[in-house]
Amino acid sequence: MDNMKKTVAILILLVLCLSCSTRRYAVRQFDEVYFDQKRNREIPVSFFVPVYPIQMKRKVVIFSHGYSKNQPGANKEYSYLTNALAKNGYFVVSIQHELPTDDLLPMEGKPQVVRRSNWERGAENIQFVLSQLKIKYPYLDYAKVVIAGHSNGGDMSVLFTEKNPEKVWKLITLDQRRYPFPRVAIPQIYSLRSSDQPADEGVLPTSQEQKNLNITIIKLPNTIHNDMDDGGNEQQKQEIINYFLEFLKHK
């Protein structure tokens, strides 16, 4: 009888685990503004979080938007992706990196030189937001932090990861083109590339480096650089969502 009870208990646990792995959550979206006193800077943040259960050790995704000429709300222009990740149980935080009072991103000169201060500011924003999350939401899984971003936000994300590899579980970029990936196996690195805008020389690891370091680089043949936000069509969006979720499944 004891063996029968154990068998039933194991079956119930298996069913519950399967249910959890396929569960889709309702999503709550809300906004906050953090303030970094050291830099005298506001950092608007949008949250996309599973509604229930609230205090659960969820993995954190910090997303950084592409350059938007200092327009407010750029961090909400990837809602197809941030909502989808939250529906799948991730605690998603999207940072507004640009303020109306900021200098515009330089379009002339060598990007690695003239845009460095912009990327540094973005990396500092990510660091500050992460520190605030740990205070306000201490129950989240900070051993499994995902840093992700599109275009210029991807460059910021790579710089942050290069500076803070111990704080990053996975780095995922959407077509960052300027700042080179660190050639490392840990943290894990993934990137989706557009069909129309190549990266600068040296940004992407070679095929041999990808193989040696288990870095995943995937080109999307039907998606251009500017269609990676909410402006893309449903097929493009679903493809990006599917790749993200696949990357996040990897241990």
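Hey, got the dipole for segment 27-249? About the Cα centre, +1 on K and R Cβ, -1 on D and E Cβ, debye to the nearest 20?
800
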### Summary
Taking Cα pairs closer than 8 Å and at least 6 residues apart, the relative contact order of the chain in percent is 15
### Query
Going by how many other beta carbons lie within 10 Å of each one, how would you line up Ser157, Ser68, fewest first?
Ser68, Ser157
### Message
Sort Met107, Met228, Met156, Met56 by Cβ crowding within 10 Å, fewest neighbours at the top.
### Response
Met107, Met56, Met228, Met156
### Query
If you line up the long axis of helix 116-136 against the longest principal axis of the chain, both from Cα atoms, how many degrees apart are they, to the nearest 10?
30
### Summary
Ranked from fewest to most other Cβ atoms within 10 Å of their own Cβ, Ile62, Ile218 fall in the order Ile218, Ile62
## Note on the structure
For the table Lys110/Lys211; Lys76/Lys167; Lys163/Lys249; Lys38/Lys110, the rows whose alpha-carbon distance is greater than 27 Å are Lys110/Lys211; Lys38/Lys110
#### Entry: Gained length - Met107 relative to Ile135, 0.36 nm times residue gap less alpha-carbon distance
6.3 nm
### Task
With springs connecting C-alpha atoms under 10 Å apart, model the chain as a Gaussian network and identify which of Leu174, Leu104, Leu85 has the largest mean-square fluctuation.
Leu104
#### Entry: Computed lengthening from Glu166 to Ser195, 0.36 nm per intervening residue step minus Cα-Cα distance
7.2 nm
### Candidates Phe35, Phe63, Phe91, ranked by Gaussian network fluctuation over the chain, Cα under 10 Å, top entry
Phe35
### In nm, spacing of pseudo-spin labels at Arg28 and Ile186 (7 Å Cα→C-beta vector)
3.5
## Note on the structure
For the chain, the longest principal axis of the Cα atoms and the Cα long axis of helix 234-249 enclose an angle in degrees, to the nearest 10, of 60
### Query
If each Cα of segment 15-148 is one equal point scatterer, what is log10 of I(q)/I(0) from the Debye formula at q = 0.09, 0.10, 0.14 Å⁻¹?
-0.30, -0.36, -0.66
### Query
Using the alpha-carbon centroid of each, what span in Å lies between segment 186-206 and segment 140-170?
15
#### Entry: Charge context of Lys69, other residues only, Cβ under 12 angstrom, K/R +1, D/E -1
-3
### Summary
Placing one equal point scatterer on each C-alpha of the chain and summing with Debye, one gets log10 I(q)/I(0) at q = 0.11, 0.15 Å⁻¹ equal to -0.58, -1.06
#### Entry: Highest-fluctuation residue, Ser94, Ser79, Ser151 considered, GNM on the chain with Cα pairs under 10 Å
Ser79
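Read-outs throughout are calculated quantities, based only on the coordinates presented, and are distinct from any laboratory measurement. What you see is a predicted model, and the numbers here were worked out from it, not measured in a lab. For neighbour counting, all protein chains shown are included, and Cβ atoms are generated from backbone atoms with ideal geometry for every residue, glycine included.
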